[in-house]
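Student: Sharing a structure here in structure tokens format.
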Amino acid sequence: MSEDDQKIIGRGTWIDKLAHEMIEREQQLGRSTSMLRVESGLGASGIPHIGSLGDAVRAYGVKLALENFGYKSELVAYSDDLDGLRKIPEGLPDWLGEHIAKPVSLIPDPFGCHDSYGMHMSSLLLDGLDNLGIKYDFRRARDTYKNGLLKDQIHTILTNSEKIGTKIAELVGQEKYQKYLPYYPVCANCNRLYTAESYEYIPDEMKIKYRCHEAEIGSKMLKGCGHEGEADITKDLGKLAWKVEFAARWHAFDIRFEAYGKDIMDSVRVNDWVSDEILNHPHPHHVKYEMFLDKGGKKISKSLGNVVTSQKWLKYGTPKSMLLLLYKRITGARELGFEDIPTLMDEYNEIEDVYFGKVKLDNEAKTARTKGLYEYTNLLNVPKTPSIHVNYRLLIELGRIFKEDRVNRITKKLIDYGVIKNPDPYIDQIIQLAGNYADDFEEQEIMQIQINDATKNALRKLVDVLVAEKDPEDLQNAIYNIAKENNVLPKDFFMTLYQIILGASRGPKIGPFIMDIGRNKVAQTIGKYT
């Protein structure tokens, strides 16, 4: 089936397709659709990166699509702040080593501004969601367990622990839950989580017996304190193992959709079975996504220090640029770095042009998908008129030139170039972002451009003109003549220069712009392509 023949669902994006599949499944299951709740789990053990944020942002997109289809929906943002600290994230103080295996909600905040390490990390993620305009119902693991909201699910799971342990071994080959219960109490003596092994459940009292023995954390064995005790699952601090905890939450909160990363596929398979067979609650509709990778191809990790945070991203790019990144697609691993911001900033302008009919695409499905992507990037609250568009890389280059009184001087240049007619508050904001980028990052990486031999010859001639001792009398005219003399269409030659200098197919009048950047600097850049 060609793209033209495909049925357009909702606004034509993967988000609409996913929400539509979810609704169909709910109808087949015969469940009430009066509230279709979606969930995102927030890790609280390290500095949250854009991948962590992406889980919640995409779930919110599904919520918006469900509402667009006429259903009530809400996003539960669940912070796992009873998770134990497994290692010290890069850049954090060594004294955190004393707290390895303790729940992050019981560890002091290294930055001294929140009630715990876990709440500090959660707050960074929530701040990122707030800055993007994401609405959510925030729930903490510590409060959820302390208030007994999962006690019925924990009881059912523990009374079926033998059956669950056998199934876990069958599904994923993990045998420890045949020996121990899938529940970790917080040791009453040392406050550690994973060293406390539960070995017996007393159903009538809803208590477990445990001994604080040892646990493998990462690749190291951590000794327990030797304490033996009992813990009440209705009020004492403790948590279910990941292999069963998702299922308990899905049941307790009536979750109908949750995405997951490929790194927890095994846990999701087990939880789906526990939800379906033990708790008699059909597991949520899922979609699997891949991890963001750094530019070296490694998984972006909260503990490795290769973190692209939303706070830093928003120093250089708009919230819309981040939402565009997260809503473009969900499948496939992607390398991600701050150097992607210029492309996304300009791509937002391109899809806005499609939405407002300034650019026509070649088929209906592609047009619908692009317009839908623009709508979701604006969280279905679309502006009535398009913004003023200025090439972000142009602003970076001008930001490298003008450091003092940057906004006013760059605005004047944009008016001189004919790029804008008047000063504008939105353009002021983009100039500031691009200026931050210019200050913090080196030159742009070399763009991959197809250049034929005639154009290469013309570029060499232009380099000679640019490195000459005297300024050319009329650089714009000189560039035009160089193109003609080398049998290159001037408009094609200008486009090649824009691609080399700005990564765009057009820009301001090229001669004055090159003089502003500096002849030698542009000559060096062009020389890389000859």
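Student: How big is D for the range 453-527, in µm² s⁻¹ as a whole number, if Stokes-Einstein is applied with the Kirkwood radius of its Cα pairs at 10 °C and 1.306 mPa s? Don't jump to the answer; show the numbers that get you there.
Tutor: Details: Rh = 12.1 Å.
Diffusion coefficient, whole number: 132 µm²/s.
Student: With only alpha-carbon pairs counted, each pair once and no self-pairs, how large is the Kirkwood hydrodynamic radius of the range 392-440 in angstroms? Walk me through the numbers before you get to the answer.
Tutor: Working: mean 1/r = 0.0965 Å⁻¹.
Answer for the range 392-440: a Kirkwood hydrodynamic radius of 10.4 Å.
Student: Please go through the residue pairs 167/209; 412/461; 243/320; 163/207 and name each one whose alpha carbons sit more than 28 Å apart in this structure.
Tutor: Exceeds cut-off: 412/461; 243/320.
Student: So, one more: Counting alpha carbon pairs within less than 8 Å and at least 6 residues apart, what relative contact order, in whole percent, applies to the chain?
Tutor: 12
Student: Related question: Between residue 401 and residue 429, how high is the FRET efficiency from 1/(1 + (r/R0)^6) when r is the Cβ-Cβ distance and R₀ = 25 Å? Nearest 0.05.
Tutor: Numbers: r = 19 Å, r/R0 = 0.77.
FRET efficiency, residue 401 to residue 429: 0.80.
Student: Using 0.36 nm times the number of residues separating residue 382 and residue 137, minus their current alpha carbon distance, what extension gain do you get?
Tutor: Values: separation 245, 0.36 × 245 = 88.20 nm, distance 2.36 nm.
Full extension from residue 382 to residue 137 adds 85.8 nm.
Student: Something else now. Placing +1 on the Cβ of each Lys and Arg and -1 on the Cβ of each Asp and Glu in the chain, which of 173, 19, 316 has its Cα farthest towards the positive end of the resulting dipole?
Tutor: It is 316.
Student: Right, next: Taking a label point 7 Å from the Cα of residue 24 along the Cα→Cβ vector, which residues of the range 242-259 have an amide N closer than 11 Å to it?
Tutor: Inside the label zone: nothing.
Student: Note down the magnitude of the dipole of the range 404-505 about its Cα centre, charges +1 on Lys and Arg C-beta and -1 on Asp and Glu C-beta and zero elsewhere, to the nearest 20 debye.
Tutor: On the way: 11 positive and 18 negative charges, 91 e Å.
In debye, rounded to 20, the range 404-505 gives about 440.
Student: Take every Cα-Cα distance within the range 143-253, group them into 10 Å bins from 0 onward, and report for each bin the whole-number percent of pairs it holds.
Tutor: Values per bin, smallest distances first: 15, 48, 33, 4.
Student: Let me ask something else about it. If you count, for each residue, the other Cβ atoms within 10 Å and average over each peptide, how do 86-95, 149-158, 178-187 line up from highest to lowest?
Tutor: On the way: 86-95: 13.7, 149-158: 20.1, 178-187: 21.8.
Ranking, from highest mean packing down: 178-187, 149-158, 86-95.
Student: If we sort 489-500, 411-422 on the protection proxy, mean other Cβ atoms within 10 Å, highest first, what's the order?
Tutor: Values: 489-500: 17.9, 411-422: 15.2.
Highest to lowest by the protection proxy: 489-500, 411-422.
Student: OK, next. Could you size up the charge dipole of the range 453-527 around its Cα centre, putting +1 on the beta carbon of Lys and Arg and -1 on that of Asp and Glu, and report it in debye to the nearest 20? Write down the numbers at each step before the final one.
Tutor: Working: 10 positive and 9 negative charges, 43 e Å.
That gives the range 453-527 a dipole magnitude of about 200 debye.
Student: Under the 0.36 nm per residue contour assumption, what length would be gained going from the current alpha-carbon distance of residue 409 and residue 254 to full extension? Could the numbers behind the result be given before it?
Tutor: Numbers: separation 155, 0.36 × 155 = 55.80 nm, distance 5.57 nm.
Extra length available between residue 409 and residue 254 comes to 50.2 nm.
Student: Give me the distance in nm between label points sitting 7 Å out from Cα along the Cα-to-Cβ direction at residue 356 and residue 474, one decimal.
Tutor: Each label point is offset 7 Å from its Cα along the Cβ direction, giving 3.5 nm.
Student: Name the residue from 35, 191, 407 whose Cα lies farthest towards the positive end of the charge dipole of the chain, charges +1 on Cβ of Lys and Arg and -1 on Cβ of Asp and Glu.
Tutor: 407
Student: Label-point separation (nm) for residue 175 and residue 7, each offset 7 Å from Cα along Cα-to-Cβ?
Tutor: Result for the modelled spin labels: 5.0 nm.
Student: Here's something else I'd like to know. If each of residue 365 and residue 162 carries a label point 7 Å out from its Cα toward its Cβ, how far apart are those two points in nm?
Tutor: Between residue 365 and residue 162, the label points sit 5.4 nm apart.
Student: If r is the Cβ-Cβ distance from residue 343 to residue 422 and R0 is 25 Å, what FRET efficiency results, to the nearest 0.05? Walk me through the numbers on the way to the answer.
Tutor: Working: r = 27 Å, r/R0 = 1.10.
Here the calculated transfer efficiency is 0.35.
Student: Please report the spacing between the Cα centers of the range 475-499 and the range 84-125 in Å, no decimals.
Tutor: Cα centres, the range 475-499 to the range 84-125: 58 Å.
Student: I'd like the distance separating the alpha-carbon centroids of the range 502-523 and the range 340-362, in whole Å.
Tutor: 23
Student: Considering the zone a paramagnetic label at residue 227 would reach in this model (a point 7 Å from Cα along the Cα-to-Cβ line), which residues of the range 92-118 have amide N under 13 Å from it?
Tutor: Those under the cut-off are 102-103.
Student: Another question, then. Using the Cα centre as the reference, give the magnitude of the dipole from point charges on the C-beta atoms of the chain (Lys, Arg: +1; Asp, Glu: -1; all else neutral), rounded to the nearest 20 debye. It would help to have the intermediate numbers written out before the result.
Tutor: Values: 71 positive and 78 negative charges, 112 e Å.
For this selection, approximately 540 debye.
Student: Only residues of the range 473-506 count here: report those whose backbone N is under 16 Å from the spot 7 Å along Cα→Cβ of residue 530, or say none.
Tutor: The answer is 478-488, 493-494, 496-498, 500-501, whose backbone nitrogens lie closer than 16 Å to the label point.
Read the figures in this text as sums done on the coordinates, not as results from a lab. All values reported here derive from a predicted model rather than from experimental measurement. Heads up, the Cβs are rebuilt from the backbone with ideal geometry, glycines too, and the neighbour counts pull from every protein chain shown.
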